[in-house]
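The values are calculated or read from the model by the stated rules, or taken from the named source; none is laboratory data. Bear in mind the structure is a predicted one, so any value in this text is a computation, not a measurement. With ideal geometry, Cβ positions are generated from the backbone for all residues, glycine too; neighbour counts draw on all protein chains shown. Just so you know, the surface numbers come from the protein's heavy atoms only, side chains and all, with ligands and any DNA or RNA stripped out. Shrake-Rupley method; radii C 1.70, N 1.55, O 1.52, S 1.80 Å.
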Amino acid sequence: MLFFFGYGSKRRQVGAGGVHTCPRCHNTTQWARMRQYNQLTVFFVPVLRWKRVTVEQCGICGQTAAA
C-alpha cells in the first residue's frame, strides 16, 4: 500500500499590512500581512493545522514581525 503524507510550515498572504521601517534592511516600505501555520497533509489534502499566527513581512528582504 502506498501512503503519501507531508508536514510543513505554510504562509498565506491575507492582505496589506502597515508601512514600517525594517530593522534588517532599514527601508521604509509597505509590509504584507501573512498568516503562518503548520500543517499535516495526507494524499495532498490538508488534514490538521496548528500554530496559526498572523505576521507582517517586509516586501524587500522578507523579515517578519508579529502583527
Return the only residue of VAL42, VAL55 being surrounded by 12 or more Cβ atoms within 10 Å (Cβ to Cβ) and within 12 Å of the chain's Cα centre (by Cα). VAL55
Out of (1) at positive phi; (2) in contact (Cβ under 8 Å) with a residue 40 or more places away in the chain; (3) surrounded by 10 or more Cβ atoms within 10 Å (Cβ to Cβ), the one GLY62 does not meet is (2)
For segment 15-37, which residues satisfy the criterion of being assigned to a strand (DSSP E or B) and open to solvent by 90 Å² or more (accessible area, probe 1.4 Å)? VAL19, THR28, GLN30, ARG35
Would you please name the residue that is nearest to VAL45 (Cα to Cα), looking only at residues in segment 1-14 that are of a type outside the set (A, V, I, L, M), open to solvent by less than 100 Å² (accessible area, probe 1.4 Å) and in a strand (DSSP E or B)? GLY6
Counted residues, segment 20-46 - those being touching a strand residue (DSSP E or B) at 6+ places or on another chain (Cβ under 6 Å), at pLDDT 95 or above and hydrophobic (A, V, I, L, M, F, W, C): 4
